[in-house]
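Working notes, structure below.
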Ligand code: GAP
């Protein structure tokens, strides 16, 4: 546990380097909503691209979907969210704050932070009441009860209600999956821990429709596949675990669920859930919509309702886990070669996740070096996310790139002008190589494509 970084350090780095800001900050922020800045957008996009790659590019049994956030309100009756997507909450009559009744012991009384709510001298808590987590809004210009719609609390239901459309047009048959990435909204009573639990977040969900008797084996398959995805992208295996839910923890729709958990600074917490949802969703939507949501097996001449295995991940939570796992502070040699004595903060991110792949730095802003650096940037940027940086000392620029996790820094120096070679500095090993400008694109692309394991795991 010694290498665990604090959440405060992660938040500070995210703000300092423009990854993630508190939303509406100039108005004092808005409870647990966040905005992603330039590097945050590039980074989270890479996480999502890797998920798409695993779901679509590396297999041929999953298709993509992008369904609307607003759906027919009957969707949420059928799914059980209208009646059952609730958390128990209590209000304090003294301070006016609202708390999750089942989390009181982990929370602080706002007036006496050393005590949980309810234990302070003036606390006066109400009885626990169920609070529905769905955000309501009104569709159309008239605000009457018939116009109430909900911001979706999960992307999954958009997939179930499109099952028939997709089956018809995708030429797939079970086992096959439908994958979707998109925003979901939950009016969480106690959001917090940065982007770990927010009220607006992105999910990466895939519903895998299978013949009922194959459900147990596909459940095992997806648990393993999803664990491997995180490990392949660099999360240290000893900071990752799979936890099967106890029977009393299972959601109403699930016969088996396992959480992929990561050792966040707040302790072991859910990163992704993999559930065997049985035929619950298709059966419910068939009943509420009157549409048959079945598959007709041409071989056996039988109709059946496929069962569903669902790996449901959070894009923001995964991004946070990759950040936490990559964060490192270490002492290194100075650029002039003096041993030790220089501190750096570095994100040892998998190169595929790094927001910027290569930074091109002229050593000095004269002698034609910036022009050559610009020429290199122009040649590289069609192939990889490239950044030009001429501001500040070379040491300061290396630190900046280290903090955003850039795997390679290319330095243009005096020698470049003589022999058209540049120095390539590698982020993790700090090794330096001299490479001809003409070969640079191919050399970097080959290095970026190499298998990568976190250097925090030590020599392999
Ligand atoms: N369709 C199933 C479903 O939505 P979930 O466990 O409630 O399951 C799946 O959500 C994932 O979505 C979680 O594992 C987490 O990564 C992410 N998630 C859920 N609520 C979140 C929140 N309030 N803030 C950020 N991410 C959240």
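The values are calculated or read from the model by the stated rules, or taken from the named source; none is laboratory data. Just so we're clear, the structure is a prediction, and the values are computed from it rather than from any experiment. Positions of Cβ are backbone-derived with ideal geometry, glycine not excepted, and every protein chain shown enters the neighbour counts.
Could you tell me which residue of the range 188-205 is surrounded by the most Cβ atoms within 10 Å (Cβ to Cβ), considering only residues that are more than 7 Å from the ligand (Cβ to nearest atom) and part of a loop (DSSP other than H, G, I, E, B)? Only one residue fits best here, namely 194.
Only a single item in (1) within 10 Å of the ligand (Cβ to nearest atom); (2) touching a helix residue (DSSP H, G or I) at 6+ places or on another chain (Cβ under 9 Å) is not met by residue 273, and it is number (2). Given the criteria in a helix (DSSP H, G or I), within 16 Å of the ligand (Cβ to nearest atom) and surrounded by 19 or more Cβ atoms within 10 Å (Cβ to Cβ), does residue 259 qualify? Considered against the rule, which asks whether it is in a helix (DSSP H, G or I), within 16 Å of the ligand (Cβ to nearest atom) and surrounded by 19 or more Cβ atoms within 10 Å (Cβ to Cβ), residue 259 comes out as no. The set of residues in the range 140-156 that are over 27 Å from the mean Cα position of the chain (by Cα) and either surrounded by fewer than 12 Cβ atoms within 10 Å (Cβ to Cβ) or within 16 Å of the ligand (Cβ to nearest atom) (or both) comprises 140, 141, 142, 143, 144, 145, 146. The set of residues in the range 276-299 that are more than 12 Å from the ligand (Cβ to nearest atom), part of a helix (DSSP H, G or I) and surrounded by 20 or more Cβ atoms within 10 Å (Cβ to Cβ) comprises 282, 285. Just one residue in the set 330, 302 is away from the ligand (no atom under 14 Å from the Cβ), touching a strand residue (DSSP E or B) at 6+ places or on another chain (Cβ under 9 Å) and closer than 21 Å to residue 406 by Cα; that residue is 330. Could you please find all residues in the range 128-155 being closer than 17 Å to residue 79 by Cα and at pLDDT below 90? Result: no residue meets the conditions. Kindly indicate whether residue 176 is within 16 Å of the ligand (Cβ to nearest atom), closer than 28 Å to residue 212 by Cα, crowded, with 17+ Cβ neighbours inside 10 Å and in contact (Cβ under 8 Å) with a residue 40 or more places away in the chain. No: the conditions fail for residue 176. State whether the residues of the range 208-215 include one that is more than 27 Å from residue 278 (Cβ to Cβ) and within 13 Å of the ligand (Cβ to nearest atom). No, the range 208-215 contains no residue that is more than 27 Å from residue 278 (Cβ to Cβ) and within 13 Å of the ligand (Cβ to nearest atom). Would the range 58-67 turn up any residue that is over 21 Å from residue 313 (Cβ atoms) and outside any loop (DSSP other than H, G, I, E, B)? There is no residue in the range 58-67 that is over 21 Å from residue 313 (Cβ atoms) and outside any loop (DSSP other than H, G, I, E, B). Criterion applied to 421, 460, 406, 416 was being buried (at least 19 other Cβ atoms within 10 Å of the Cβ) and either modelled with pLDDT under 95 or touching a helix residue (DSSP H, G or I) at 6+ places or on another chain (Cβ under 8 Å) (or both), and the one residue passing it is 416.
Annotation for the range 246-253: at least one member residue is buried (at least 17 other Cβ atoms within 10 Å of the Cβ), near the ligand (Cβ under 10 Å from one of its atoms) and not in a helix (DSSP H, G or I). Can you tell me which of 421, 411, 416 is in contact with a strand residue (DSSP E or B) (Cβ under 9 Å, 6 or more places away or on another chain), closer than 20 Å to residue 363 by Cα and free of Cβ contacts under 8 Å to residues at least 24 places away in the same chain? Going through 421, 411, 416 in turn, just one is in contact with a strand residue (DSSP E or B) (Cβ under 9 Å, 6 or more places away or on another chain), closer than 20 Å to residue 363 by Cα and free of Cβ contacts under 8 Å to residues at least 24 places away in the same chain: 421. The set of residues from the range 374-412 being under 29 Å from the mean Cα position of the chain (by Cα), under 27 Å from residue 12 (Cβ atoms) and assigned to a loop (DSSP other than H, G, I, E, B) comprises 385, 389, 405, 406, 407.
Among the residues of the range 70-85, those that are closer than 29 Å to residue 226 by Cα and either touching a helix residue (DSSP H, G or I) at 6+ places or on another chain (Cβ under 6 Å) or exposed (fewer than 15 other Cβ atoms within 10 Å of the Cβ) (or both) comprise 70, 75, 76, 78, 79, 84. Is it the case that some residue within the range 211-226 is out of contact with any strand residue (DSSP E or B) (no Cβ under 6 Å at 6 or more places or on another chain), touching a residue at least 40 places away in the same chain (Cβ under 8 Å) and closer than 24 Å to residue 454 by Cα? Yes, the range 211-226 contains a residue that is out of contact with any strand residue (DSSP E or B) (no Cβ under 6 Å at 6 or more places or on another chain), touching a residue at least 40 places away in the same chain (Cβ under 8 Å) and closer than 24 Å to residue 454 by Cα. Quick check on residue 13: is it closer than 15 Å to residue 320 by Cα, in contact with a strand residue (DSSP E or B) (Cβ under 9 Å, 6 or more places away or on another chain) and assigned to a loop (DSSP other than H, G, I, E, B)? When the stated conditions are applied, residue 13 does not pass them.
Exactly one residue out of 18, 31 is outside any helix (DSSP H, G or I), touching a residue at least 40 places away in the same chain (Cβ under 8 Å) and surrounded by fewer than 17 Cβ atoms within 10 Å (Cβ to Cβ), and it is 31.
So that you can scan it fast, the table gives a plain yes or no per residue for (1) within 16 Å of the ligand (Cβ to nearest atom); (2) out of contact with any helix residue (DSSP H, G or I) (no Cβ under 6 Å at 6 or more places or on another chain); (3) in contact (Cβ under 8 Å) with a residue 40 or more places away in the chain:
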residue	(1), (2), (3)
127	no, yes, no
138	no, no, no
158	yes, yes, yes
171	no, yes, no
186	yes, yes, yes
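If you go through the range 341-373 and pick out every residue that is on the phi > 0 side of the Ramachandran plot and free of Cβ contacts under 8 Å to residues at least 40 places away in the same chain, you end up with 1.
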